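Some notes on the structure that comes next.
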Amino acid sequence: SRSALPFLDLHGTPRLEFHQSVFDELREKLLERVSAIALEGKVEERYKKLEDLLEKSFSLVKMPSIQPVVMCVMKHLPKVPEKKLKLVMADKDLYKACAVEVKRQIWQDNQALFGDEVSPLLKQYILEKENILFSNEISVLNNFFSPSPKARRQGEVVQKLTQMIGKNVKLYDMVLQFLRTLFLRTRNVHYCTLRAELLMSLHDLEISEICTVDPCHKFTWCLDACIREKFVDNKRARELQGFLDGVKKGQEQVLGDLSMILCDPFAINTLALSTIRHLQDLVGQDTLPRESPDLLLLLRMLSLGQGAWDMIDSQVFKEPKMEVELITKFLPMLMSFVVDDHTFNVDQKLPSEEKGPIPYPSTIPEAFTKFLQDNRIACEIGLYYILHITKQRNKNAFLRLLPALVETFSDLAFSDIFLHLLTGNLTLLGDEFALEEFCTSLFDGFFLTACSRKDNVHRHVLRLLLHLHHKVAPAKLESLQKALEPTKQSGEAVKELYNQLSEKLELRKPSPAEVTETPSMELPLPTVPTPASR
């Protein structure tokens, strides 16, 4: 090679560049060799070789040219010597540069450091969920619950956490502990969703090291299939019941985990939709709720999910007692509403005699309102029934039950998930917004009762109006615009939405000049009386 160097000089190749390329070539060979050593020979021997190599090379780890080799050796060692891990941990740049396989070894004995890595991801996750709930897109077909479980698990945060955990049970347990703690501290149910998504993401990758030790695995897997279908069928219901009945003496703690899985809004949504469907079937079969084991199981799981926070908080692991009246009084009452609708529809079709048309029942039993205030499960099912009739465009039933929503158990009717779904379903009743009576019931009777004390309600009303303002009668729109003006207490999001709405309404107003000319066709202009004299 000596004689080759002058030849390169003739070609104007700097010697440094040549040495560098030889070095890079050698380093590539060395990296390949390290990866090969990690796979060949007896386990003890190969790791002995790598440990020797690490011992020899570690002192050069700060040299940018050698660093990749040192990092590669560590990456292939299932147990990097404690002393080396401490040195890496103490140096920000080294820690940043090392492979996730090495970081896992550091994290599993440093919960605080692992927490620092995980915490921004959990914040991001909650933020993403809230952005969907408050999205400016309002639609029945594409809402919070539309994405399939499999699609949700492809989300960035779930994928990153899955990658960080690898097959490490200790790290998995730490993440679950973080999620439980945050759920307790904030009552935010999205942490329950993440708990289920993380387990199912490891399930997708067939990481048996973790799945076989999580006692919730099979239950979650079965429930995941129900969530995908948005319905709990009889076969899966039996399976889920088997898991619940199979909790053995001394293992009751698993109920805390199962309750968190059932508290995931996607699980609650599936259980509640299935409950409404069962109630309708029972009306057709002339059967009472207490005679339907399938329905009772759905209620049992709803109770367990809704009781998650209390159970984890109190550390008393037993299934919540079901209130008998829920089954003997409340559900039959919902069934009677279904019957009212059938009767009314049949009456409409009959030739009317002298008696004239039969009016739709306008009052609600006082007991219904009371159940929604006092009983969490009744409230959840009641709200889903109201979503159901709205989706069916049943304006009569909606206006009849709406007054019961002003005061509900822990203000559930003003929760983001319910309002997100309700605003979506209300787009199906778009034409009703032209009617004064409908708007007064909906806005003055419901939304505006909470706007001033609940910023989130204020946001949802503005979202709805941004979407439907062109359907609302002009006079009503004007009074709503006044009523919804942000206050000093209002958050940035409310102010931003209010400005967007004001801009849209400004565009709809004809300018004085246009009033007498022909209105331009682009914008749906409200009809404006032409001034008599010019």
Could you please tell me which pairs satisfy a Cβ distance under 7 Å, a separation of 6+ or placement on different chains, a first residue in the range 215-229 that is farther than 13 Å from HIS203 by Cα, and a second residue that is outside any helix (DSSP H, G or I)? CYS226/VAL232; ARG228/SER148
Taking the range 452-501 and keeping only residues that are small (Gly, Ala, Ser), over 21 Å from PHE414 (Cα atoms) and open to solvent by less than 60 Å² (accessible area, probe 1.4 Å), one is left with ALA473, SER479
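Per-residue answers, yes or no, for (1) in a loop (DSSP other than H, G, I, E, B); (2) basic (Lys, Arg):
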site	(1), (2)
LYS96	no, yes
VAL102	no, no
GLN105	no, no
PHE114	no, no
LEU127	no, no
LYS150	no, yes
GLN154	yes, no
LYS160	no, yes
Is at least one residue of the range 162-175 outside any loop (DSSP other than H, G, I, E, B), open to solvent by less than 30 Å² (accessible area, probe 1.4 Å), under 30 Å from VAL102 (Cα atoms) and touching a Cys at 6+ places or on another chain (Cβ under 8 Å)? no
Based on this model, can you work out whether LEU258 counts as hydrophobic (A, V, I, L, M, F, W, C), at pLDDT 95 or above and farther than 30 Å from ALA151 by Cβ? no
Looking for whichever is farther than 30 Å from ASN168 by Cα and at pLDDT below 75 here; the options are LEU8, LEU39, LEU31. Which one fits? LEU8
Report yes if ASP294 is charged (D, E, K, R), within 22 Å of the chain's Cα centre (by Cα) and assigned to a helix (DSSP H, G or I), otherwise no. no
What pairs come up if the first residue lies in the range 282-297 and is within 23 Å of PRO320 (Cβ to Cβ) and in contact (Cβ under 8 Å) with a residue 24 or more places away in the chain, the second is open to solvent by less than 10 Å² (accessible area, probe 1.4 Å) and among the small types (Gly, Ala, Ser), and their beta carbons are under 7 Å apart, counting only those six or more places apart or on different chains? ASP294/ALA237; LEU297/ALA237
Does ALA151 meet the test of being loosely packed, with under 12 Cβ neighbours inside 10 Å, modelled with pLDDT of 85 or more and under 30 Å from LEU387 (Cα atoms)? yes
If I filter the range 103-159 down to residues being under 21 Å from LEU176 (Cβ atoms) and hydroxyl-bearing (Ser, Thr, Tyr), which single residue comes out as nearest to the chain's Cα centre (by Cα)? TYR125
Being among the polar types (S, T, N, Q), in contact with a helix residue (DSSP H, G or I) (Cβ under 8 Å, 6 or more places away or on another chain) and within 18 Å of ASP281 (Cα to Cα) is true for just one of THR343, THR328. Which residue is that? THR328
It is to be established whether one or more residues within the range 385-403 are surrounded by fewer than 18 Cβ atoms within 10 Å (Cβ to Cβ) and without any contact (Cβ under 8 Å) to a residue 12 or more places away in the chain. yes
Looking at (1) at pLDDT 95 or above; (2) in a helix (DSSP H, G or I); (3) surrounded by fewer than 17 Cβ atoms within 10 Å (Cβ to Cβ), can you tell me which one SER146 breaks? (2)
Of all residues in the range 97-130, which are small (Gly, Ala, Ser) and open to solvent by less than 30 Å² (accessible area, probe 1.4 Å)? ALA99, GLY115
Could you please let me know if ASN425 is within 18 Å of SER135 (Cβ to Cβ), in contact with a Ser or Thr (Cβ under 6 Å, 6 or more places away or on another chain), assigned to a helix (DSSP H, G or I) and at pLDDT 95 or above? yes
If I ask for residues that are of a type outside the set (Val, Ile, Thr) and more than 30 Å from the chain's Cα centre (by Cα), which ones from the range 361-380 would you list? PRO361, SER362, PRO365, GLU366, ALA367
Kindly indicate whether any position in the range 349-370 is closer than 19 Å to ALA397 by Cα, assigned to a helix (DSSP H, G or I) and modelled with pLDDT under 95. yes
Answer yes or no: is there a residue in the range 352-375 that is open to solvent by 50 Å² or more (accessible area, probe 1.4 Å), touching a residue at least 12 places away in the same chain (Cβ under 8 Å) and touching a Gly at 6+ places or on another chain (Cβ under 9 Å). no
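The values are calculated or read from the model by the stated rules, or taken from the named source; none is laboratory data. What you see is a predicted model; the values in this text were computed from it and never measured. Methodologically, a virtual Cβ is constructed for each residue, glycine included, from the backbone with ideal geometry; neighbour enumeration extends over all protein chains shown. Calculation scope for accessible area: heavy atoms of the full protein, side chains included, ligands and nucleic acids excluded. Shrake-Rupley method; radii C 1.70, N 1.55, O 1.52, S 1.80 Å.
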